[in-house]
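The values are calculated or read from the model by the stated rules, or taken from the named source; none is laboratory data. No experiment lies behind these values; they were computed from the predicted model shown. Here the Cβ positions follow ideal geometry from the backbone for every residue, glycine too, while neighbour counts run over all protein chains shown. Areas reflect the complete protein model, heavy atoms only, side chains present, ligands, DNA and RNA absent. Shrake-Rupley method; radii C 1.70, N 1.55, O 1.52, S 1.80 Å.
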Amino acid sequence: MTTIIRFDNDRGGLAYPFLPNEWRWQIVSRPLGDEEALTEIAQATSPTLRWVKDDKVLDLYVPGMDTAACLAQTGLRLSMHKEGYVLSKRLSRIMRPYRYWGFYSHDDLTIDHNEFLDGRLWDGCGLVSRAFVQRLADDLTLAEPYRRQLLRAGRFEVTTLHAGGQDKGHVLVVDDLAYDFVFPAGSTKPELALVDGRVFVGLQPVHSEDQMCLDVQSIINLHPFFSPEQLLIWTQMESELFLTGIRNGRLEAARGRLHNEADLASLADWHVGEYLASGGHPMWFAGMVKAVARQHLNRLDGRADKLRCPAPGGRYYIFPAAVGERSVPEGQIELDPVHATAWVNDHDWLTYIVNSLGGCDGDDAVWVLPFTDVSDGGRCQVLTWRSPNQVGEYVVLQPTSDCHTIEWDVPGGRLAYPVMQSRLLPPRIDRCNYQYGQLAEASDPTEQSASYSTQAMLSTSQQAAANQGVLGAYCNVLMLCKAIYGRLPEYLPATLEQVIDSSVKNGLDMTPVKAWNQMAMTRMAQHGQTNPARAIPQALLDRLPEWLQSEARPAGSHWHRSKETVADKNKLQSEARPAGSHWLDALATAMEVHRQQYWADVEALATEACPPLAVFEQGRDWLQVGKELRQVYSRVMRQAVQAHVEADPDDFEAARLASEGYLNQWPADRRHCVLIGAAAYLYAQGPQAGEPVHDALLWQLGRKRAGEGNGREPGIAQQMIAALRQIGLLGEPVWTTEGAVLYYRDEPCAGCAGVPVTLSGVWYNLLRATQPDTPERMSLVPRPQREEAKARVANLAQSQFLGLTLGTEVMDDHRVITRTSRGNLFGYIQRDHELYAVRHDRWRIAWATAVDGNLHAILTPVVHQPA
C-alpha cells in the first residue's frame, strides 16, 4: 500500500533535519512487488530524490525542485560508486525523523578518526563526549522528559555527516573526552557527504531492558535448552504477575512488560500509560483492567506461527571491552544497564564472538539469559544470541563479579539465574562443518549510471524486488529443518549473514537461495507425507507458500514407524510421532489454552472494577446527561451489530464521531462533568449478564494520525483522564527515572467505591415497613401512594440510606434479598448482581441513587472485627 509522509504531519516533536517545512515536501513510499508495482514506480512523476529501503521505494517530492537543486540546497553529495543499495542505506540514515540533532560548523565540532584504534574491535563503535551531549541539550528546545532522556543516556545510536562522508554506529558517552566524537580511522562511509561546510549530528538514546519475550525462531533454534514445559511455566508466572498487579494496583513489577518505557513519544500517546503514571488504579475501570491485561496477551501474540514466550532475560547492546576501557576476563561478560551494554573480552570478540553471533558489530543488540548451569557444576552462565539467528549462533559466557543481575519479577518474589542445562544447547556454529555457497553480483538489466539520478535507482529497485521475501523464506526453511530434523543440512546456499546483507545492504543475486528455498520446502513437505514422523508442525504451516501448504498437511494421523526412522534415530533428534504431536504444536496448543484461561480470568477480574466514590458523588447531578452520551454511542454500535456479523473499524469510527459530536455541544468547561456523569451512570448500572461494565465509550481515542507510523490523536480517553484530574483523583505524572514516568501521591490511592448492585422493590418494602395496611401486591398500591413512596426513596437515597447496613439472604426460590439490621425486607437483588451480592453477608451503602423507586447502590462489605 502506498503511504505518504508530509511536511505538516504531526510527528510529536520529531523533525526531518534536511527537509525544512517551508519546502512543503512529501515522501511517497511505494511497496516493491510484481511487475505492475515496478512499472508504477518507473512511471512515477520525476521525484526530487529516490532511495530504496527494505521492501519499498521512497520518493521525495519538493515542489519546484529537481535533484540538482535539492542537492545544492541541502549541501549533499551523492556517490554511486558502490551502487544504489549502499547509497540508499546512507540516505535512509538522514531522511528519517530525529528528535536530538543539530548542524555545526567544522570549526565548532571535533571528530577524531583515530588511526590507533583497531578497526576490527571498533567496528560499529565510537565515543561521544558528555560535554557535547550537554551542548546539544542546551541547543534544543526540549520538554523536560526528553531533556532528561538525552542527558542521562550512556549510549547512543549516532549518525554524523560531513565533507568526508557519514559516520554511523553506536557511541559510548565518555567524560573528559578530548574530542566531541572518536571513531576508528577508515570507518567513514564516503557514498554520502555534506559539502557545504556544515556537520550534521543525529543521536538516538539506546536503552537496555531487563525483560525478554522469546520469538519462535529462538525457541526452535535453542530447543531443547528451552523446553515447552519450562516456557509454559514462565508464561503462567508472568500471567499471574499481571493479574496480581492489576488487582492490587502495584504494577511496578510488570511495568517493563507494559510498554517500552524508553520510547517516550509512544508512551505519551498511550492513554493507559498516562493514566497509570498519573496515579490511576487499574481496578477503577473495567476498560483499564482489560487494556493493561491485553499488553501481556499482545506479548504472547494470538497466532501459533508467531509464537512468543516470556523468559527471565534481557536485551542489551554489545561492545568489546576496549571501547569502554573495561577489564573483562576471557570467557566472561559484564551486563551494564547504565550504558545499556553487554561488555565482552577483546580477544574473545576477535577470535569467536563476532563469528558465533552471525557477524555482529558494535551497534548490534543481543539477547541475554543468565542461568545456573547444572551441566557445569551449578556455575552461573549467560547465554547470549542475536535475532534473527541461525542454529548454533550463540555464546555462553560467565558473568564478571561486577555483572548486573537480571532479576525477573514473579509472583511472590524475584527469579534470578534459573536452573538450566547448557548440554541441551545445539553445537555452536563455529564448531559445525557447514558448507556454504557463494552469492554473486546481480546482473544489471539496465545500464548502471556512474552518477546519481532517480532513474539510476531503477536497477536497485528491480534487484530489491527480485530479492524480496528471500530472507524471510530462508529463515523459515532453516527453522523448519531444525524443528523437523533437529539440525540443518550440511550444505547451505549461503550464510544467514550473507542473505541478510543481500537483502538490506549490497543487493547480491539471491537466485541460488530462492531456488534452494523452494527445493528444500518442497522436499520437506513431501517427506512429511510419506513419513508422518517428519510432518511439518502445524504451528509452522503458515510459513510455507500458499501453494505448498495443502500439500504439506499430513494425510492422516494413523501410521507405523518406518524403517528409516529406526535407522536414523541416533542421528536425528526427532522421534516418530503422530501428525500434530510435534513438541512445537504441543507448546502452541498449551499456549492457546493458557491465553483463553488468562482472558477468562481477566474478564472475571474486570467485573470487580468500580471507580472511587468521588466519581459517583461528582457525577450525581450529571447522570442523565451521561446516560444520553451512552445512548448516542450505543445507538451507533447497535446499528453496526445489526448490519455486520463482526465489528468493523468504520463502526468504531462512526461511534467516535457521534460521541465527540454530543460532547462538543457542551461548553468546554462542562465537558468533564459530562464524562464523569457518564462514568457514574455506567457503573451505577453495574455489570450485566455476568459481563464487566462496557466502558469503551470513556476510552475512545481520536482520529488516526496522517503520515508515517501508527497512533491516534488525543480523544475522549485523554479528556477522561483530564476529568479525573479535575475532580482530584489523578495527578500530573512526575519524571523520576530515566525513561519512566511515575506519580507519587502524598496520600494513599483512592480505592474502588465498592460493588455496584441494583435493588428493586425498595419503595414497596418501605411502604410495608412504615404502613402496615399496604396491599400485599405492588399492583394494588394506589398510584398516588406509589409515587409518594418513590419520591421518598429518592430523598432517602441521598441521606438516610447512606451508611445503612444491609444483610443478604438467599430465599427458597433462590432469589437474593437484603434486610435491614432490624430484619425488615429492604430490596431484591437484581438477577445480574446476585453473585456479587453474596460475596459477603453484610454490606454498607456507600452511595445510592433512586430510579422509579428502585435503588442503584454502591455497597461496601462490613468487615467483622475480632472480639
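Could you give the spread of the C-alpha atoms of the stretch 749-809 along their three principal axes, from largest to smallest, in whole angstroms?
49, 26, 17
Can you tell me, using C-alpha contacts under 8 Å and at least 6 residues apart, the relative contact order of the chain as a whole percent? Spell out each step's value before the answer.
Values: 1654 pairs, mean separation 95.9, N = 867.
It comes to 11 percent, rounded to a whole number.
Mind ranking 318-324, 242-248, 817-823 by how tightly packed they are, going by the mean number of other C-beta atoms within 10 angstrom, highest first?
Ranked from most to least packed, the peptides come out as 318-324, 242-248, 817-823.
Work out from phi, with θ = phi - 60° and the Karplus expression 6.51 cos²θ - 1.76 cosθ + 1.60, the ³J(HN,Hα) of each residue of the stretch 836-852, listed in order in whole Hz, and give x for Gly and Pro.
Values per residue, Gly and Pro as x: 6, 6, 8, 5, 9, 9, 9, 10, 10, 6, 8, 7, 7, 9, 9, 9, 6 Hz.
Determine ³J(HN,Hα), in whole Hz, for all residues of the stretch 217-227 in sequence, where each value follows from phi through the Karplus function 6.51 cos²θ - 1.76 cosθ + 1.60 and θ = phi - 60°; x replaces Gly and Pro.
5, 5, 4, 6, 5, 9, 5, x, 4, 8, 8
Expressed in whole Å with the largest first, what are the equivalent ellipsoid semi-axes of the stretch 655-696 derived from the C-alpha gyration tensor as the square root of 5 times each eigenvalue? Write out the running numbers ahead of the final one.
Numbers: eigenvalues 111, 32, 6 Å².
Gyration-tensor ellipsoid for the stretch 655-696: 24, 13, 5 Å.
Could you calculate the FRET efficiency of Asn298 with Gln438 from 1/(1 + (r/R0)^6), where r is the beta carbon distance between them and R0 is 41 Å, rounded to 0.05? Walk me through the numbers before you get to the answer.
Working: r = 41 Å, r/R0 = 1.01.
Computed FRET efficiency for Asn298 and Gln438: 0.50.
Mind putting together the pair-distance distribution for the stretch 762-867? All Cα pairs, 5 Å bins, whole percent per bin, short to long.
Taking all Cα pairs of the stretch 762-867, the binned fractions are 2, 12, 21, 24, 20, 13, 5, 2, 1, 0 percent.
Just need the relative contact order of the stretch 380-514 here, percent rounded to a whole number, with Cα pairs under 8 Å and 6+ apart. Mind dumping the intermediate values first?
Numbers: 132 pairs, mean separation 36.4, N = 135.
Worked out over the stretch 380-514, it gives 27 percent.
What's the angle, to the nearest 10 degrees (0 to 90), between helix 286-300's Cα axis and the longest principal axis of the chain?
So the helix axis and the longest Cα principal axis differ by about 30 degrees.
Rg/Rh for the stretch 352-500 to two decimals, with Rh computed the Kirkwood way over all alpha-carbon pairs.
Values: Rg = 20.6 Å, Rh = 18.6 Å.
With Rh from the inverse mean 1/r over Cα pairs, Rg/Rh is 1.11.
Could you provide, to the nearest whole Å², the per residue accessible area of the chain with probe 1.4 Å?
Numbers: 38710 Å² over 867 residues.
Here the residues of the chain average 45 Å² of exposed surface.
Greater than 20 Å separation of Cα atoms is the criterion. Which listed pairs, Lys168/Lys514; Lys53/Lys505; Lys89/Lys704, meet it? It would help to have the intermediate numbers written out before the result.
Details: Lys168/Lys514 31 Å; Lys53/Lys505 10 Å; Lys89/Lys704 29 Å.
From Lys168/Lys514; Lys53/Lys505; Lys89/Lys704, over 20 Å: Lys168/Lys514; Lys89/Lys704.
Starting from one equal scatterer on each C-alpha and no solvent at all, send me the Debye-based log10 I(q)/I(0) for the chain at q = 0.08, 0.09, 0.10 Å⁻¹, two decimals.
Per q value, in the given order, log10 I(q)/I(0) is -0.89, -1.08, -1.26.
Looking at the stretch 753-798, which trypsin sites (Lys or Arg not before Pro) are DSSP coil and have at most 13 other C-beta atoms within 10 Å of their C-beta? Don't skip to the end; give the middle numbers.
Working: sites: Arg768, Arg777, Arg786, Lys790, Arg792; in loops: Arg777.
In loop regions of the stretch 753-798 (DSSP not H, G, I, E or B), the sparsely surrounded trypsin sites (Lys or Arg not before Pro) are Arg777.
Order the peptides 171-177, 418-424 from the highest to the lowest mean number of other Cβ atoms within 10 Å of their residues. Don't jump to the answer; show the numbers that get you there.
Details: 171-177: 17.1, 418-424: 14.4.
Result, highest mean Cβ count within 10 Å first: 171-177, 418-424.
I'd like the distance separating the alpha-carbon centroids of the stretch 477-506 and the stretch 121-167, in whole Å.
The stretch 477-506 and the stretch 121-167 have Cα centres spaced 36 Å from each other.
Using only Cα atoms and rounding to the nearest 10 degrees, what angle (0 to 90) does helix 671-685 make with the longest principal axis of the chain?
With both axes taken from Cα atoms, the answer is about 70 degrees.
Order the following by accessible area, largest value first: Trp343, Trp367. Probe radius 1.4 Å; ligands, DNA and RNA are ignored.
On the way: Trp343 0, Trp367 40 Å².
Result of the area sort, largest leading: Trp367, Trp343.
What is the helix-to-structure angle for 470-485, meaning the angle in degrees between its Cα long axis and the longest Cα principal axis of the chain, kept from 0 to 90 and rounded to the nearest 10?
80
In whole angstrom, note down how far apart the Cα centers of the stretch 3-72 and the stretch 774-837 are.
Using only Cα atoms, the two centres lie 69 Å from each other.
Per DSSP helix of 4 or more residues, -39500 (n - 2.57); summed, then divided by the residues of the chain. What does that give at 222 nm, rounded to the nearest 500? Don't skip to the end; give the middle numbers.
Values: 26 runs with 295 residues, N = 867.
Taking each H run of at least 4 residues, the total per residue is -10500 deg cm²/dmol.
Computed from the mean reciprocal separation of all distinct C-alpha pairs, what Kirkwood hydrodynamic radius does the stretch 318-367 have, in Å? Mind showing how you got there, number by number?
Values: mean 1/r = 0.0930 Å⁻¹.
That comes to 10.8 Å for the stretch 318-367.
Please report Rg over Rh for the stretch 56-139, where both radii come from the alpha carbon positions and Rh follows the Kirkwood definition. Intermediate results must be reported in sequence, preceding the final value.
On the way: Rg = 16.6 Å, Rh = 16.4 Å.
Over the Cα atoms of the stretch 56-139, Rg/Rh equals 1.01.
Percentage of Cα-Cα pair distances in the stretch 283-438 greater than 18 Å, rounded to whole percent?
Details: 7834 of 12090 pairs.
Across the stretch 283-438, Cα pairs with separations above 18 Å total 65 percent.
Rounded to whole Å and sorted largest first, what semi-axes of the equivalent ellipsoid does the C-alpha gyration tensor of the stretch 497-544 yield via the square root of 5 times each eigenvalue? If you can, show how the numbers build up before the last one.
Details: eigenvalues 161, 28, 9 Å².
After scaling each eigenvalue by five and taking roots: 28, 12, 7 Å.
Could you work out the relative contact order of the stretch 1-138, using alpha carbon pairs under 8 angstrom and six or more residues apart, expressed as a whole percent? Intermediate results must be reported in sequence, preceding the final value.
Details: 132 pairs, mean separation 32.4, N = 138.
Worked out over the stretch 1-138, it gives 23 percent.
For Ile318, list long-range residues whose amide hydrogen, built 1.01 Å from N in the peptide plane, is under 5 Å from its own amide hydrogen.
Close amide H contacts, sequence-distant or interchain: Ala342, Asp364, Val366.
Over the Cα atoms of the stretch 205-245, what Rg and Dmax result, in angstrom?
12.8, 37
For the stretch 343-409, max minus min Cα coordinate along each principal axis, in Å, sorted largest first?
30, 24, 24
Calculate what fraction, in whole %, of the accessible area of the chain sits on carbon and sulfur atoms when a 1.4 Å probe is rolled over the protein chains.
On the way: 18630 of 38710 Å².
With neighbouring chains kept in place, the figure for the chain is 48 percent.
Quick one: what do you get for the stretch 363-450 if you divide its Cα Rg by 2.2 N^0.38 Å? Don't skip to the end; give the middle numbers.
Details: Rg = 20.1 Å, N = 88, 2.2 N^0.38 = 12.1 Å.
It is 1.66.
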